[in-house]
1. How many residues are out of contact with any helix residue (DSSP H, G or I) (no Cβ under 7 Å at 6 or more places or on another chain) and either on the phi > 0 side of the Ramachandran plot or outside any helix (DSSP H, G or I) (or both) if we restrict to segment 77-94?
2. For D77, all conditions in the list (1) over 25 Å from T199 (Cα atoms); (2) within 19 Å of the chain's Cα centre (by Cα) hold save one; what is the number of the exception?
3. So, V12, is that one at pLDDT 95 or above and away from ligand 2 (no atom under 16 Å from the Cβ) or not?
4. In segment 40-57, which residue that is surrounded by fewer than 21 Cβ atoms within 10 Å (Cβ to Cβ) and over 18 Å from T194 (Cβ atoms) is farthest from ligand 2 (Cβ to nearest atom)?
5. So which residues in segment 16-30 are surrounded by fewer than 16 Cβ atoms within 10 Å (Cβ to Cβ), touching a residue at least 40 places away in the same chain (Cβ under 8 Å) and within 18 Å of the chain's Cα centre (by Cα)?
6. Taking into account only those residues within segment 127-177 that are free of Cβ contacts under 8 Å to residues at least 40 places away in the same chain and within 30 Å of S5 (Cβ to Cβ), which is nearest to ligand 1 (Cβ to nearest atom)?
7. When you look at L108, is it free of Cβ contacts under 8 Å to residues at least 40 places away in the same chain and buried (at least 16 other Cβ atoms within 10 Å of the Cβ), yes or no?
8. Going by the structure shown, is G54 more than 9 Å from ligand 1 (Cβ to nearest atom) and within 25 Å of A187 (Cβ to Cβ)?
Amino acid sequence: MSLISAQCISKVFGAARDPVVALADISLDIEEGEFLAIMGPSGSGKTTLLTVLGAMSAPSSGKVIIDGTSIYSLSPDGLADFRAVRLGFVFQQLHLIPYLTVIENVMLPFVISTDHGADRDCALGALRQVGLESKALRLPGQLSSGEQARAAIARAMVRQPHIILADEPTGNLDSGTGQDIMRLFQALNERGHTIIMVTHNQEAAAAARRRIYLRDGRIA
Ligand code: ADP
Ligand code: MG
């Protein structure tokens, strides 16, 4: 069975008399260990698909099964726990808290989880994996943009999630720094993390092992 199986996913926003169909009957299987790029023009449904796969937004119809669990059948608390333990997120706006040090930012996922193993060593381990251990005590404003992206990736990884979801992770980076971040994703993928990345950048998508294209909410 696939690690992630999205079955007949539709997502409709807005009122019934003026609906916006963001996703139209998408079925997609993602295997353990994949590095998948989701591409497509602006407005094609990429972010919506990522939020549905990432346990953040229930589809209007269809099912998402991850590791045998139909995730939107979970209770709201169960879904939040599932998200906190199994999934790591990296967004284009990195959402680093400016007045917390790098290591404190990386420890944030422990705070919001019900399983309180808040652990500086885990955070330092995640920072080591992204090459930022020596800058753990800086504030985000004292890092370059590429280092800030690394810090956001370390935070996504701190609980060793099986699955990392990223939405335009290189969107705010220059091309060289973006390539560095893609090499980091490839290294994480080689260490066994399944990666699902939304991008409309060809260079970034070339780092993935598989690419799918969305158009008008469908897989093209
Ligand atoms: P992409 O990430 O490919 O640019 P999105 O998934 O953000 O596309 O959006 C797909 C479509 O759904 C767009 O037409 C967008 O306007 C619409 N949409 C996305 N989120 C919402 C929302 N919360 N409410 C209403 N419409 C939305
Ligand atoms: Mg988007």
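1. Here the count works out to 4.
2. (2)
3. Values: at pLDDT 95 or above: yes; away from ligand 2 (no atom under 16 Å from the Cβ): yes.
So V12 passes the test.
4. S57
5. Once the filter is applied, which keeps residues that are surrounded by fewer than 16 Cβ atoms within 10 Å (Cβ to Cβ), touching a residue at least 40 places away in the same chain (Cβ under 8 Å) and within 18 Å of the chain's Cα centre (by Cα), segment 16-30 yields nothing.
6. Per the criteria, the residue is T170.
7. Details: free of Cβ contacts under 8 Å to residues at least 40 places away in the same chain: no; buried (at least 16 other Cβ atoms within 10 Å of the Cβ): yes.
Judged against the criteria, L108 is not a match.
8. Yes; evaluated as a whole, the condition is true for this residue.
The values are calculated or read from the model by the stated rules, or taken from the named source; none is laboratory data. No experiment lies behind these values; they were computed from the predicted model shown. Cβ coordinates were reconstructed from backbone atoms using ideal geometry, including for glycine residues, and neighbour counts include every protein chain displayed.
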